[in-house]
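The values are calculated or read from the model by the stated rules, or taken from the named source; none is laboratory data. Since this is a predicted model, take the numbers as computed values, not measurements. Quick reminder, even Gly has a Cβ in these numbers, built from the backbone with ideal geometry, and neighbours come from all protein chains shown. These area figures cover heavy atoms from the full protein model, side chains too; ligands, DNA and RNA do not enter into them. Shrake-Rupley method; radii C 1.70, N 1.55, O 1.52, S 1.80 Å.
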Amino acid sequence: MSMTAETVNKPTPADYRSGIKPIWCPGCGDYSVLLEITKALATLELRSEEVAIISGIGCSSRIPAYSSCYGFHGVHGRALPVATGLKVARPDLTVIATGGDGDGFSIGGNHFLHACRRNVNITYIVMDNQVYGMTKGQASPTTDPDWDSVLTPGGTGIRAFQPLVIALASGANFVARGFAGDPAGTTNMIIEGIRHPGFSFIQILSPCATFRPDQREWRNMVREAPVPFTNDPSRAANRIMTDDGFNIGILYRGDRPPYETGRKGTPRDIDTIAEEFSV
Amino acid sequence: MNRNQRSAKADQQSLSIAVVGSGGAGAITTGTLLLEAAAKQGCYGILTRTVGPQIRGGEAAALVRVGNAAIDCVGDGFDILLAMDWNNVDRLVAEIPLRADSLIIADPEQGKVPEAILTSGARICELPIGELAKSVSKGRPNMISLGILAELLDLQSSAVNAVLEKQLSKKGEAALQSSMETVQAGRDAASGLGKYPLPVGDAAGGKRWLITGNHASAYGALRAGIRFVAAYPITPATEVLEWLSSGLAKTGGRLVQAEDELASINMVIGASFGGIPSLTATSGPGLSLMIESLGLAVASEIPLVVIDVMRVGPSTGIATKAEQSDLNIAVYGFHGDAPHLVVAPNSVADCVSTTQWAVHLAEAMQVPIIVLTDQYLGQTKSIIDRPSKVDYKAERLTTGIPTGGYARYAITDSGVSPMAIPGTPGGQYTADGLEHSVKGTPSTKAEDHEQQMNKRQQKISNFNYGDHWADVEGTGSLAVLTWGSTTGAIREALRKLKQAGVDDIRLLSLRLITPAQPEKFTAAMTGVERVLIVEQNHSAQLWHFLRAHYELPKDAEVYNRAGPLLFRPGEIIEKIKQWRSA
Ligand SMILES: Cc1ncc(C[n+]2csc(CCOP(=O)(O)OP(=O)(O)O)c2C)c(N)n1
Ligand code: SF4
Ligand SMILES: [Mg+2]
């Protein structure tokens, strides 16, 4: 907010909430993530009309409508291109993409690689519950190979995808892992991700109370990463590949310049441009 | 829309010349320079290029047709075929019909004239093209060829030199001198061959442009106010995107190269949600990938433009050749009921104004629009009268700072509701592909679904499309119905028939495909008893579409053919004669 604290009250997280009641199950981790996002926006004192939250499809992708920012709830897997188009066309806005592990790493997997590579100045928050919640409990790319489901009895037999390593390899400029049940840490991570130039990727372990009751244990399993973030992507990748998936914190900060388009030139008159066609 | 711009010459003459050679021989350059020189002399004309499947080095042909009035289709046959070599020429034969009075110029060093060419009975004239090129330092066979053709057509040296200077401006004086000398050697060699004088046009007719339909569409889009483009390359649409890359840089717009068409369409949605008029261009395979998200644009009421430069399908099909076979996917491809617009320019010149119109329509109705052109329109270099300026612009109904609660999808008389552009305080809403209430809140209620469906339909049904929905030309109790690039051959056929005294046929070329305009159609067809529908696809997609949406006379016949062999005026005349006497 542009006005000083004397003239106007500082925004509160509630200012960033719409009145719409979430459809989520009781105990769903996404409630906490919603709160953490609104806390981060309040801390940054961003005007809600200058923030856009973009998502695909899934339980987690419902977040935009629960905020009082501009929102776009698109089709499954395509949050990142919508967010990219918006940010490139409107660099003045703060653009946050949100969604689930299925949305982001399966159907939208190609966009994930290229968004990391392209390094547009947006923040991507994935609520990873290692399951397709919305379609009622199928394996996702981050599900362990032996997790049993109706669709894949006995498990998929396929090893889980490592989104943070992939993000590093693809060029993301900021990489963090959070846990929905760690409000202070996660809020801070989101603040830092939004502040960091370029593509910031935040994986938030966000338990699915309904289809992954086992994830209730996560609160006992997560721990703060033992070392602070690094600016060296190979070191960050090595740490992530050798931890058990429960080290949380900001893991990597890079300094690649964010994506720029639009060669700057003095706008030319359209009729002058057409001269090139004249015989 | 370009009806009034075409030059109205009573006596329209044209000359068709094919230049063939294996890739790298420079046949396309010869054809391009020939066309440009003819343009300098006040001619109209087209250059279509036909190439083999190789990316580089396959056979290539430049098919040039020049004349004294606007040309919008390939001719009936070729007056001159100049072959620098015969490499794989049989793949091109079907596209180069020859007559007994045609002239074939061939280099004896390149072997015998192939059987498929000989059957035409055309006069064969052997000239040592390769040998002649060697007689000039750094001489190239394609410049010998240009000289031969310049001589046959009586092209002025000043015109030829001017285009050479432009072409070789970066190569230096020596290269230019060598080329000019080589052209002269070609001229000298051809001096005894007789003349095929260029039907010189009326240069006084005003300024002309040399442009492809892809550039014309791109320019029309820029003119209308497109300032964001997401691009994934695909033949034959890439030039739309490439031209816009520089066009946007000059106008303060932005282009992103996307990772695929799923991304490009969604980037366009994001940018347009941000208030910036946005476009992408693709061909059939890309359009197929975009369809789900086009439905999202319908539901969330995001204006955007997709130009589909149609090529031969299904699947990868024939990437480099034209077909009018994406009408069905453009009209019916979306899942659910998804009211949206489809328009189709019917000439290269029309690509400017129809694309400009499309941007205007999309923005005015907050709806996605598909512009169907095709490889012929898109990639044919065409000399046209400078299109008269139309003033269609991107004008979107936006909300100011709303007072009280803002309802993004409010019900209005027109069906269009003011859109809040991110940054507008008080306008915050979530655009949604889920069915929603007037506020945009997801809803599963039957009444919300019905209300929003009605709104989405109503805004495009109630819009006044003016006269541009179709080109209706002529009067008479017979009518030929068509669309897109096929219109060119039909226009020429009807003009020739009229000269021969047949003037009871009108032409209706549909520009606005959806939504259908039954009232306007009925009015335009008053007095028509029989119709012939002409279209370039295998399953008669336009005919089925017309039958579904319009009252056609009982006596309706369809003349359709799959691509890539384009309709020629002569075959349309034959068909019409047969049809009239049936
Ligand atoms: C094109 C398409 N395919 C399939 C679906 C069905 N679908 C909806 S959500 C979803 C998976 C969601 O999983 P995730 O992204 O992990 O989100 P979560 O519900 O777990 O938060 C699928 C497969 C769809 N909506 N669209
Ligand atoms: S199904 Fe799982 S992810 Fe979805 S709302 Fe319920 S708890 Fe959350
Ligand atoms: Mg999930």
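Hey, which lysines would be in cross-link range of residue B:445, C-alpha to C-alpha under 20 Å, not counting anything within fewer than 8 residues on its own chain?
A:21, B:455
Helix A:30-44: angle to the longest alpha-carbon principal axis of chain A, degrees 0 to 90, nearest 10?
Once rounded, the angle reads 40 degrees.
Could you grab the relative contact order for chain B? Cα pairs under 8 Å, six or more apart, rounded to a whole percent.
13 percent
Over chain B, what is the percentage of antiparallel beta bridges among all DSSP beta bridges, to the nearest 5?
40 percent
For a test of the definition: using alpha carbon positions, the gyration tensor, and the 1.5 limit on a/c, classify region A:39-88 as rounded, prolate or oblate.
Taking the square roots of the gyration eigenvalues as a ≥ b ≥ c, region A:39-88 is oblate.
Express in Å², to the nearest 10, the accessible area of residue B:195 obtained by rolling a 1.4 Å probe over the protein heavy atoms while all chains stay in place.
Surface open to solvent at residue B:195 totals about 90 Å².
Averaged across orientations, what area in nm² does the convex hull of the alpha carbons in region A:1-127 project?
Result: 7.7 nm².
Which far-off residues, 5 or more places away or on another chain, put their amide H under 5 Å from the one on residue B:533, with H placed in the peptide plane?
Here the answer is B:481, B:557, B:558, B:559, since their amide H atoms fall under 5 Å of that of residue B:533.
Using a 1.4 angstrom probe on the protein heavy atoms only, could you order B:335, B:549 from most to least accessible area?
Final ranking, largest accessible area leading: B:335, B:549.
In region B:216-235, which residues become less accessible by 40 Å² or more once every protein chain is in place, relative to the chain on its own, using a 1.4 Å probe?
SASA drop of 40 Å² or more in region B:216-235: B:219.
Can you pull the percent of chain B's accessible area that's carbon plus sulfur, 1.4 Å probe, other chains left in place?
On chain B, the fraction of accessible area on carbon and sulfur atoms equals 51 percent.
Can you pull the accessible area of residue B:255 for me, 1.4 Å probe, Å² to the nearest 10?
Rounded to the nearest 10, the figure is 40 Å².
Tell me the accessible surface of residue B:207 in square angstrom (1.4 angstrom probe, heavy atoms of protein chains only), to the nearest ten.
100 Å²
Size of chain B along its principal axes in angstrom, Cα-based, largest extent first?
Cα extents, longest axis first: 84, 59, 44 Å.
Mind checking the angle between helix B:141-153 and chain B's longest principal axis? C-alpha axes, 0 to 90 degrees, to the nearest 10.
90 degrees
Based on the mean of other beta carbon atoms within 10 Å per residue, what is the order of B:404-413, A:220-229, most packed first?
B:404-413, A:220-229
Going by amide H atoms built from the backbone, whose H comes under 5 Å of the H on residue A:248, apart from near neighbours?
A:223, A:224, A:225
How much mean residue ellipticity at 222 nm does the protein assembly as shown get from its helices, if each DSSP H run of length 4 or more adds -39500 (n - 2.57) and you divide by all residues, to the nearest 500 deg cm²/dmol?
-10000 deg cm²/dmol
In peptide A:49-61, how many Cβ atoms from other protein chains are near each Cβ within 10 Å, on average?
Shielding by partners across A:49-61 averages 3.
Put +1 on the Cβ of each Lys and Arg and -1 on the Cβ of each Asp and Glu in the protein assembly as shown; which of A:114, B:539, B:163 then has its Cα farthest toward the positive end of the dipole?
The residue sitting most towards the positive pole is B:163.
Using Cα atoms only, what is the angle between the long axis of helix B:486-499 and the major principal axis of chain B, expressed in degrees (0 to 90) to the nearest 10?
Tilt relative to chain B: about 60 degrees.
Set the bar at 28 Å for Cα to Cα. Now go through B:321/B:575; B:112/B:496; B:389/B:575 and name every pair that lies beyond it.
Result: B:112/B:496; B:389/B:575 exceed 28 Å.
Where does each of A:25, A:69 land when they are ordered by accessible area, with a 1.4 Å probe and the largest first?
Putting A:25, A:69 in descending order of accessible area: A:25, A:69.
Throw me the Rg/Rh for region A:127-279, computed over C-alpha atoms with Kirkwood Rh, two decimals.
The Rg/Rh ratio comes out at 1.19.
Which one of A:267, A:151, B:319 has its Cα pushed farthest toward the positive end of the charge dipole of the protein assembly as shown, where Lys and Arg give +1 and Asp and Glu give -1 at the Cβ?
A:267
Roughly speaking, what is the stretch gain from residue B:498 to residue B:393, that is 0.36 nm per residue apart minus the C-alpha to C-alpha distance, in nm to one decimal?
Length gained, residue B:498 through residue B:393: 34.1 nm.
Could you please put A:20, B:369 in sequence from largest to smallest accessible area, using a 1.4 Å probe?
A:20, B:369
Which pairs, out of B:439/B:459; B:498/B:520; B:166/B:381, put more than 21 Å between their alpha-carbon atoms?
Among B:439/B:459; B:498/B:520; B:166/B:381, the Cα-Cα distance tops 21 Å for B:498/B:520.
Where is the GNM fluctuation largest for chain A (alpha-carbon springs, 10 angstrom cutoff): A:102, A:185, A:56?
Among A:102, A:185, A:56, the largest GNM mean-square fluctuation belongs to A:185.
Expressed as a fraction of 2.2 N^0.38 Å, the rule-of-thumb size for a compact globular protein of N residues, what is the C-alpha radius of gyration of region B:208-350?
0.98
Return a whole-number percent for the relative contact order of region B:239-393, with Cα pairs under 8 Å and 6 or more residues apart as the contact set.
Over region B:239-393, the number comes to 22 percent.
So who's got an amide H within less than 5 Å of the one on residue B:399, skipping anything under 5 residues away but keeping other chains? H placed 1.01 Å off N, in plane.
Result for residue B:399 returns B:419, B:420, B:421.
Can you give the mean number of other chain Cβ atoms that lie within 10 Å of the Cβ atoms in peptide A:103-111?
Average neighbour count from other chains, rounded to a whole number: 2.
Run the numbers on chain A and let me know its relative contact order in percent, using alpha-carbon pairs under 8 Å that are six or more apart.
So the answer I get is 17 percent.
Using the alpha-carbon centroid of each, what span in Å lies between region B:398-449 and region B:122-147?
Each part reduced to its Cα centre gives a spacing of 69 Å.
For residue B:554, give me every one of the aspartates and glutamates with a C-alpha distance below 20 angstrom, ignoring sequence neighbours fewer than eight places off in its own chain.
In chain and number order, the partners are B:504, B:519, B:529, B:535.
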